[in-house]
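Below is one structure, written out as structure tokens, with a few remarks after it.
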Amino acid sequence: RRFRVAVVGATGAVGETMLSILAERDFPVSELVALASERSAGTTVKFGDDDIVVQDLATFDPSGIDIALFSAGSDTSKVYAPKFAAAGAVVIDNSSAFRYDDDVPLVISEVNPEAARARPRGIIANPNCSTMQMLVALAPLHRRARIVRINVSTYQSVSGAGRSAMEELGRQTGDLLNFRGIDPQKFPVQIAFNLIPQIDAFLENGFTREEMKLVWETHKILGDDSILVNPTAVRVPVFYGHSESVAVELRERISVDEARAILADAPGVEVVDERIAGGWPTPVTHASGRDPVFVGRIREDLSHPNGLNLWIVADNIRKGAALNAVQVAELVAGEG
Ligand code: A2P
């Protein structure tokens, strides 16, 4: 069977990658519909060798769409995802609009694929990019020895904030190297040659929403609210690829060798862990444009008998967003 597939937000950083991954993986598409705002209606996007004309989401009739991949922001998802679902489509939504609703499954294809089957509202949510790569790596360790606590600091690339954020990093870098002034727009301060310890809005507890996503989504995906998660999320001047320094405490001790063996066997994980210069993954050298979640710097926590430290790197636009959405679409397509 082939499917009529809609990509909503097709002109964006994630939407464009959804199109290329659908083509790359030969997803059984009978018709591909590219949707965005009226600003880009009439322009074209690439789907394999084809140029697809972008249509205006606001005036598009969703009847007959089988699967819709949404990545056009929460506000757009809140309005249009229910309309597509009511018209019979299965919606896979990359925004945070429905992630914490009990009747919307939150699915990582390698971690909890079975959850995709129960979707009373016809909507499946794609996790936040930082949670995605962290849990692809941690879920196999959790299955072996149960996680008690996760301390995580993220180093998140600007592509996670969309196309305009990537343009801002490029522009500021050029301006600063040419002794010109800069005018921050997308970020509150200079992002080039700098670090920004705030992603998304502050909440009452002093954490940002981006940080709390790591807490809420870990609980929902692993189905265990007792796991303690202590996150710090930082934006870094990297174009593609998020990195995470993770200290995980388990109920039982796992040796470094066993952790390496578990991770080497884990779906979607590639271990890059040699204790030599360059023997670890970076966003530029390993993750950018690639599918796996890379794990390196595996070592025992000096301060805790059942603790492990990991360095986890992945392409936030691919596994962190577009790739997982397409993998979930493959689960749905495989249901027959
Ligand atoms: P457009 O290009 O027409 O603005 P990014 O995260 O890279 O900035 O991309 C956001 C994506 O979401 C783009 O494809 C953008 O389309 C789309 N989008 C944003 N707002 C809307 C809207 N109100 N209706 C439809 N698509 C939207």
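Just so it is clear, none of the values below were taken in a lab; they were calculated from the coordinates. Because the structure is predicted, anything quoted here is derived from the model rather than measured. So basically every Cβ, Gly included, is an ideal-geometry build from the backbone, and we count neighbours across all protein chains shown.
Relative protection proxy for 303-313, 43-53, 91-101, from highest mean packing down: 91-101, 303-313, 43-53 (other beta-carbon atoms within 10 angstrom).
On the beta carbon distance between residue 175 and residue 51, with R0 = 25 Å, the FRET formula returns roughly 0.15. Counting only DSSP beta bridges whose two residues both lie in the stretch 131-316, roughly 70 percent are antiparallel.
Structural size metrics of the stretch 279-326, computed from C-alpha coordinates, are Rg and Dmax of 13.2, 40 Å. Computed 3J(HN,Hα) for the stretch 231-239, one whole-Hz value per residue from the Karplus formula 6.51 cos²θ - 1.76 cosθ + 1.60 where θ = phi - 60°, is x, 10, 10, 10, 8, 10, x, 10, 6, glycine and proline marked x. Summarising the amide proton neighbourhood of residue 47: residues at separation of 5 or more, or on other chains, whose placed amide H is nearer than 5 Å comprise 52. Loop sites by DSSP among the GluC sites (Glu not before Pro) of the chain, restricted to those with at most 10 other Cβ atoms within 10 angstrom, leave 1-203 as the longest stretch without any of them. Subtracting the Cα-Cα distance of residue 163 and residue 117 from 0.36 nm times their residue separation leaves 13.3 nm of extension gain. Radius of gyration over Kirkwood radius for the stretch 131-316, both on Cα atoms: the Rg/Rh ratio is 1.00. Shown in residue order for the stretch 165-175 are the 3J(HN,Hα) couplings computed by the Karplus curve 6.51 cos²θ - 1.76 cosθ + 1.60 at θ = phi - 60°: 5, 5, 4, 5, 4, x, 5, 5, 4, x, 4 Hz (x for Gly and Pro). Using bins of 10 Å that start at zero, the share of Cα-Cα pairs per bin across the chain amounts to 6, 26, 33, 24, 10, 1, in whole %. Above 19 Å, the calculated P(r) of the stretch 23-158 contains 60 percent of its Cα-Cα pairs. Taking amide H atoms as placed 1.01 Å from N in the peptide plane, the amide H of residue 282 lies under 5 Å from those of 287, each 5 or more residues away in sequence or on another chain. Scalar couplings 3J(HN,Hα) for the stretch 104-109, obtained by applying the Karplus form with A = 6.51, B = -1.76, C = 1.60 to θ = phi - 60°, are 10, x, 10, 10, 10, 4 Hz; x denotes Gly and Pro. DSSP finds beta bridges in the chain, and of those with both partners inside it, around 45 percent are antiparallel. Ignoring lysines fewer than eight residues from residue 220 along the same chain, the ones with Cα atoms less than 20 angstrom from its Cα are 319. Each peptide among 2-9, 139-146 gets the average number of other Cβ atoms lying within 10 Å of its residues, and from highest to lowest they stand as 2-9, 139-146. Here is how the number arises for the chain: DSSP H runs of 4 or more residues each give -39500 (n - 2.57), the sum is divided by the residue count, and the result at 222 nm is -8500 deg cm²/dmol. What shape does the stretch 68-109 take by its C-alpha gyration tensor, where a ≥ b ≥ c are the square roots of the eigenvalues and a/c under 1.5 counts as rounded, a/b above b/c as prolate, and the rest as oblate? The shape class here is rounded.
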